[in-house]
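This report refers to the structure that appears directly beneath it.
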Amino acid sequence: MAREERIGLRMHLDALIQGCAEPTWLVRTKGLKVRNRKHSGTAGRSNMVSIAVKSGLLMGFGAAFVVVGAVMVVYWPTIFFTQLQKMMMLTETSTSFSIWREVPIPMYLECYMFNITNVDEILAGKNVTLKVEQLGPYVYREHHTKEDITWNDNNTVTFYNRRVWHFQPDMSNGSISDNITSINPIIATVGHIMRNEPLFLRVAVNVFMGMNHKNLFLTANVSSWLFDGISDPLFDIAAQFPDLPFEIPFDKFGWFYSRNESKEFDGVFVMNTGTADFSQLGNVEMWRHSNRTMYRDHCGEVRGSTGELWAPELGQEELVVFSSDLCTYLTLSKSGPLTVDGIEGMQYSTNDSTFDNGHKYPSMACYCDEVRDENCLPSGALNVSACRFGSPAFVTLPHFLGVDSYYADKIEGLAPTDDYKFRLALEMYTGMPLQVFAQLQINLLVRYVPGISLNNQLPDGDTLVPMFWFRQEVRINDEYARLARFALNLRDGMPYGFYALTAIGIILLIVGIVYLMRKLLKSPETAPILNETNNTEETR
């Protein structure tokens, strides 16, 4: 080939190569774009990871809140009741122990005395109705302390209850030096005990009593009638004759004589601690080393609470209170809702069956002998003579409330109202006593006894004489009212908190899902970045 032809061919090839090739600046620019696309893809993927983490946290916390809230709403009542049980079950370390051992809530004993105002007319032999006037109240501050506490293996506790009273003149209407005239309980007791003895023996006892007593009546001050006691020569003489057909365990007479500050007077109690069966918390199982008293059948059972500890009583139509003063228990019926210091509770009170003895309610017949006789009084008066050393003592509600008219109509000066019912109010969810009005009246039955003229001086030969009545008042104080309100607010308010937690959880779940979906749907880089990256790699 000629030299000229070879040079022309080379120039033609160079021109073709140069036409296909790109300028250096263009190549560099394209390389930069590719690298930028690679970096953009990495940033997109990082952004997606951040969105996924945020959405995951929102949905995770949301799900957790929903589960916790829903579960707690269902199980909160059980959790609350379990914690309440731990606090109230009686153990050496429980919250209730210190309160039970030494009751911190103020308690008061209000005593109302009945003064007989027409003694002169009665002694003159006039056919008059026995008239009484109420004096008082004489108020005493009452303090309870449990002593000689022994924990038993059968989920019970043994203890003595020491009670102390201090007169409160600023709260009283009158002075304990006020004189009160009533029948002489010693003469009435001797007459009652001797009523079935041979006539010659009754006459001899009457002559003997006449040497030291002018009549059936006795005047003494309030302090002597209640706590200090009244001396009588019969006590000293009776102590010289241990074979008498009746027992006189004291050297003086007084309704609460030898009781103030005494540990043994109320007797020893065995009470359920509620550790095995919470529903039995506070129930007395034995008293004075026995599970029975002197009454027959179910009336002689030792049962019920002493009134200081109660398991939650939701739905209970009746409450049972054991009274060592009566040697038996009282059944209180639900009477309606009550609010004390802003705390809602349920009130229980006595009704016309409480002091019946079979006169109206056959189930109460065990408070009389199986063969009913004149000792079975009409309804409204409970015979506690066997519990009170043989004295003709009968317990009623104050002012003969609910007592059969046969006896109520023989006394002038009484004014019964429903306020005199024995009442107890409990907060139903915690079993906390809100207020107590333990109201009872002590009466002596004076019946005509042939041969004992000192005993037969009343106008009516079958008279139930009111002696005095008392009200043991307990009311929740501000400190415990605040604790009760806090516990109830916690019980009722927590479910709303759990509902709110569940709602928050649902909101977090929805926000997390919506946030993630919106980012996925609105991101313009996700698909193109992947396609461009793949195309670049294929070109390479």
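In this label model, Asn477 and Ala63 are separated by 5.4 nm, measuring between points 7 Å along each Cα→Cβ vector. Applying 1/(1 + (r/R0)^6) with R0 = 56 Å to the Cβ-Cβ distance of Lys86 and Lys131 gives a FRET efficiency near 0.45.
Got a sec? What order do His166, His298 fall in by accessible area at 1.4 Å, biggest, i.e. largest, first? Could you put the intermediate results ahead of the total?
Details: His166 100, His298 75 Å².
Greatest to least solvent exposure: His166, His298.
Please quote Rg/Rh for segment 308-401 to two decimal places, taking the Kirkwood radius as Rh and restricting both calculations to Cα atoms. My calculation of the ratio gives 1.03. Dividing the convex hull volume of the alpha carbon atoms of segment 106-476 by its residue count gives 147 Å³ per residue.
Annotation for Asp341 and Asn489: the two label points, set 7 Å from Cα along the Cα-Cβ direction, are 1.5 nm apart. Measuring with a 1.4 angstrom probe and ignoring ligands and nucleic acids, Tyr515 comes out at about 80 Å² accessible. Rolling a 1.4 Å probe over the protein heavy atoms leaves Trp151 with an accessible area of roughly 80 Å². Packing order of peptides 213-225, 84-96, highest average first: 213-225, 84-96 (average count of other Cβ atoms within 10 Å over each peptide's residues). The mean sequence distance of close C-alpha pairs (under 8 Å, at least 6 residues apart), as a share of the length of segment 106-476, puts its relative contact order at 18 percent.
Which values of log₁₀ I(q)/I(0), to two decimal places, follow from the Debye formula for segment 253-368 at q = 0.14, 0.17, 0.23 Å⁻¹ with a uniform point scatterer at every Cα? Summing over Cα pairs of segment 253-368 leads to -0.72, -1.01, -1.32.
Give me the percent of the accessible area of segment 106-476 that comes from carbon and sulfur atoms, probe 1.4 Å, all protein chains in place.
Answer for segment 106-476 is 49 percent, counting heavy atoms of protein chains only.
The string of couplings for segment 377-386 from the Karplus curve (6.51, -1.76, 1.60, θ = phi - 60°) is 6, x, 4, x, 10, 9, 6, 10, 4, 5 Hz, one whole number per residue in order, with x for Gly and Pro. Among 372-380, 348-356, sorting by the average number of other beta carbon atoms lying within 10 angstrom of each residue, highest first, gives 348-356, 372-380.
The dipole here belongs to segment 106-476: it is taken about the Cα centre, uses +1 on the Cβ of Lys and Arg and -1 on the Cβ of Asp and Glu, and is about 500 debye. For Ile99 and Cys376, a Förster radius of 41 Å and the Cβ-Cβ distance give a FRET efficiency of 0.50, rounded to the nearest 0.05. Using heavy atoms of the protein chains and a probe of 1.4 Å, the accessible area assigned to Ile343 is about 0 Å². For the pair Val203 and Asn456, label points projected 7 Å from Cα toward Cβ lie 1.2 nm apart. In a fully extended conformation the segment linking Phe250 and Ser223 would gain 8.0 nm over its present Cα-Cα distance, using 0.36 nm per residue.
For segment 347-430, what class follows from the C-alpha gyration tensor (a ≥ b ≥ c being the square roots of its eigenvalues): rounded when a/c is under 1.5, otherwise prolate if a/b is larger than b/c, else oblate? It is oblate, given that a/c is not under 1.5 and a/b is not larger than b/c. For segment 141-298, the gyration tensor built on C-alpha atoms gives an oblate shape. Its axis ratio a/c (a ≥ b ≥ c) is at least 1.5, and a/b is not larger than b/c.
At a 1.4 Å probe radius, which order do Asp341, Asp409 fall into by accessible area, largest first? Don't jump to the answer; show the numbers that get you there.
Working: Asp341 60, Asp409 115 Å².
Largest accessible area first, the list is Asp409, Asp341.
If DNA, RNA and ligands are ignored and the probe is 1.4 Å, what is the ranking of Val74, Val449 by accessible area, most exposed first?
So the residues, ranked largest to smallest area, are Val74, Val449.
Too long at a 20 Å Cα-Cα cut-off: which of Lys146/Lys263; Lys131/Lys410; Lys86/Lys334; Lys126/Lys214; Lys131/Lys421? Over 20 Å Cα-Cα: Lys86/Lys334; Lys131/Lys421.
What accessible area per residue, rounded to a whole number of Å², is obtained for segment 106-476 using a probe radius of 1.4 Å?
Details: 15840 Å² over 371 residues.
Value returned for segment 106-476: 43 Å² of accessible area per residue.
The values are calculated or read from the model by the stated rules, or taken from the named source; none is laboratory data. All values reported here derive from a predicted model rather than from experimental measurement. Backbone-built Cβ (ideal geometry, glycine too); neighbour counts: all protein chains shown. Side chains are part of the model used for accessible areas, which takes the heavy atoms of the whole protein and leaves out ligands, DNA and RNA. Shrake-Rupley method; radii C 1.70, N 1.55, O 1.52, S 1.80 Å.
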